[in-house]
Amino acid sequence: MSKVTVECDCNASIAEAHECFQCGIPITGKPIKYRVEGKEEDFCCFGCYLIYKTTGLKGDEGTAVAFLGKFGFGYFLAMLVFMLSTYLYGAHFTPDDPQAKMFTNFIKYIILILATPVMILLGIPILRNAVSGGRINLNTDTLIAVGAFSAYFLSVYSVFTDKPSIYFETATMILVLVTFGRYLETSSRAKASNFMKRLMELSPEKATVIRDDQEIEIPRNEIKVGDILKVVPGEKIPADGIVIEGQGHVDESLLTGESKPVLKNIGDEIFTGTINIDGAFKIKVNKPSEDWALNRFINLMKEIRASKAPINRITDTIAAYFLPVVILLALGSFMYWYYQEGFEKALIVSMSVLLISCPCAFSIGAPLALWIGLGEAMREGIIIKGADVLEKLSSVKHIFFDKTGTITEKNMVVTYVKAIDEDILKIVCALEKNSEHPLGKSFVSYCLKKGIDCDCKVENFKVHFGYGIEGIVDGNEVYVGSKKYMEKLGLNIPEELRTIEERAEEEGQVVVFIGLNKKVAGIVLFSQKIKDEAPIVFKALKKLKIKFAVLTGDTPYFAKVIKEKLGIEEVKAGLLPEDKLKILSEEKKKGKVVAMVGDGINDAPALAKADIGVAMGCGTDITRESANISLLGDDLRKIPLMIILAKKVKKIIYTNMFWAFIYNIIGLGLALMGKLNPIFAALAMVLSSAFVIANSIRVKNW
């Protein structure tokens, strides 16, 4: 099979996606822009900007220890305001005491002095987001700003006119609780992006480059194509390149999913971010930094994180319509209570309506669970290319598996070779060196171990999916493939080779014929071992009530072996690529969500046809466009794992949505009846967000 390199257009997508300056999460909608140190930066939400403004730091630092700085000061003042306000409420019981009245007036001014810094520190940033660009923005910050500043200015007016309507504690506590809720949201988002940060930290900051026979230490971003890098044992590889000197083992587990160290020799490709265990290498950089495997991986991750699931878009739409409805309800309640009990009661009720109806919990319920779910999948070496894919994965009803390299070991063993002469093996080996098929790689490995020279000139190399390969090698027409391929070419198989083929098929071996200059000139047999984890995987899928089947181009003999060893009821053998497409189409017509699991190259059409295409053993080639999901390793157990994760995420999202909806309905009803104080409304809003965040974090317990 020909070597196919498929690249995703990550750069185009990333160019359009903005990344939050504070938490690092990609912004799927229009970003909020603010000037930071003279430069305009993008923020995903005002909560992130608020946290940055109150701490001066970004990322985990800005959402953890440093948060106790400015916010802690605001919280301290708000608590003093709250405690002194309780004295004012008690003073109403001694209205005729002149000394008590004088002290009460003094306390009012003290409360005003204490409350004002809180309004400036925590309230002004919210007000700026509510009113920016010369217009009033219709968002949750507008609701909060109206409620908090209405209470504050009414209280200021009451202090200077000696009125009893003092609500400083309401204004300040609203801001404290809202800011704390934003902190919880931002902190959870920052933690959801931790995996991305760890990826970025894999590549070393500096590298040792050899220039003019001298070793120079340079920053990573100054590495150029053609540079010779020196890497000693224990160091991380600073760039993608080719080993030109040295030998040793390299840990590629994060990029390829392979837990065992990989032996690297001269001529082997090596990747940035991997760890040199015991070799002393000289590496020649062979590609620009944007094409390094780790950087392509990071770009793909950003593209994935920027995607939105259908349920996410639904919640965004509901939130957009929800705000105007809430404002109308607040105005209606204000007018009703104004005529019933006057201005103060009307103001309190309308503030409660505004605060209890902030759709924060509703807005973060879906994306947060999805972000955490995608992050957990990445940690397991499961690259799910989009939140929409993760959501669809939870509804899969039927999974089809390719056989070779999927439920059988990727590396097959050549058990028997019969050819006219050894020169034929040399020619076939040269042709197979151009193939990506596991059989081709196994044959090349066999020839190299036998010391067979495979350096022949190959021209006009072609792949015939489901049949075999062909090419011109040193002027000879060479065909390598199945019995069907030989018959398609009109080549007669000698009786001796037919006998060998029949016996091999009965034993469950894979048979490959060699055609040379219009004649069948040889036969190669391969043994294939079913993966040890395969029985466990199919047992797990049965428990999940998911149907499964194996689709293979092999003969019915090996299909029978699979049925007996794995207890699979449905094994379809002797299939061509177009046959697999037909089976997938028929199943999709039944209205079922169908998944196809293969190697991502040989099965590219089938993976593209299925609702969910899963490519196994991608290693550093994670950008195969035919697959919705790429598995870095060859571990089949990741199939039921990713389905369990998807179902868990879906369940948590619907729990979040249900809670947020019920909470808003009950809270709104109490607020409209005048049974909910604004402080308790703000507290309820924070508790609702806290519940959604805590529930979303449960995804990690899958």
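The values are calculated or read from the model by the stated rules, or taken from the named source; none is laboratory data. The model shown is predicted, which means the values in this text are computed figures rather than measured ones. Here the Cβ positions follow ideal geometry from the backbone for every residue, glycine too, while neighbour counts run over all protein chains shown. In case anyone asks, the SASA skips ligands and DNA or RNA and just uses the protein heavy atoms, side chains included. Shrake-Rupley method; radii C 1.70, N 1.55, O 1.52, S 1.80 Å.
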Could you work out how much longer the chain between F465 and L670 gets when fully extended? Use 0.36 nm per residue separation minus the Cα distance between them, nm to one decimal. 67.1 nm
Using a Förster distance of 60 Å, how high is the FRET efficiency between Y339 and R379, based on the Cβ-Cβ distance and rounded to 0.05? 0.55
Lysines whose Cα lies under 25 Å from that of K230, excluding same-chain neighbours fewer than 8 positions away: K206, K260, K264, K282, K284, K287
Solvent-accessible surface ranking, highest first, for D635, D474 at 1.4 angstrom: D474, D635
Rounded accessible area of T499 (nearest 10 Å², 1.4 Å probe): 70 Å²
Would you check the accessible area of H249, probe 1.4 Å, heavy atoms only, in square angstrom rounded to 10? 70 Å²
Keeping all protein chains in position, work out how much accessible area I166 exposes to a 1.4 Å probe, and write it in Å² to the nearest 10. 10 Å²
Neighbour-limited loop hits for trypsin sites (Lys or Arg not before Pro), region 560-616 (at most 16 other Cβ within 10 Å; DSSP other than H, G, I, E, B): K590, K592
Isotropic mean projected area of the C-alpha convex hull, region 206-266 (nm²): 4.6 nm²
Could you compute the FRET efficiency for R503 and I266, with r as their C-beta to C-beta distance and R0 at 25 Å, rounded to 0.05? 0.05
Taking 7 Å along the Cα-to-C-beta vector as the label spot, tell me the V413-N221 distance in nanometres, rounded to one decimal. 5.2 nm
Can you compute the label reach from D455? Point 7 Å from Cα along the Cβ direction, backbone N cut-off under 14 Å, restricted to region 399-437. 430
Full extension from V325 to V131: what is 0.36 nm times the residue separation minus their Cα-Cα distance, to one decimal in nm? 67.9 nm
Between the modelled labels at I420 and K206 (7 Å from Cα along Cα→Cβ) the distance in nm is 6.4 nm
Which whole-percent values make up P(r) of region 503-603 when all C-alpha to C-alpha distances are grouped in 10 Å steps starting at zero? 12, 38, 35, 11, 4, 0
Diffing region 520-536: the Karplus 3J(HN,Hα) column from phi (6.51, -1.76, 1.60, θ = phi - 60°), in whole Hz with x for Gly and Pro, holds 7, 10, x, 9, 10, 10, 10, 8, 10, 10, 5, 4, 4, 7, 4, x, 5
Those trypsin sites (Lys or Arg not before Pro) in region 653-702 that DSSP places in a loop and that have at most 10 other beta carbons within 10 Å: none
To the nearest 0.05, how large is the calculated FRET efficiency for K547 and K651 if R₀ is 30 Å and r is the Cβ-Cβ distance? 0.90
List the pair-distance distribution P(r) of region 402-453, using every Cα-Cα distance, as the percent of pairs falling in each 10 Å bin from 0 up to the bin containing the longest distance, rounded to whole percents. 25, 53, 20, 3
Under 23 Å Cα to Cα from K560, which lysines show up? Leave out anything in the same chain fewer than 8 places away. K403, K410, K483, K484, K529, K531, K539, K542, K547, K572, K580, K582
Please list W659, W292, W337 in order of solvent-accessible area, largest first, computed with a 1.4 Å probe with all protein chains present. W659, W337, W292
Cα-based reach from K33 at 18 Å (exclusive), listing lysines while leaving out same-chain residues under 8 positions away: K53, K58
Cα-projected label distance for E37 with N701, points at 7 Å along beta-carbon direction, nm: 4.0 nm
Looking at region 415-508, which GluC sites (Glu not before Pro) are in a loop (DSSP not H, G, I, E or B) and have at most 15 other Cβ atoms within 10 Å? E507
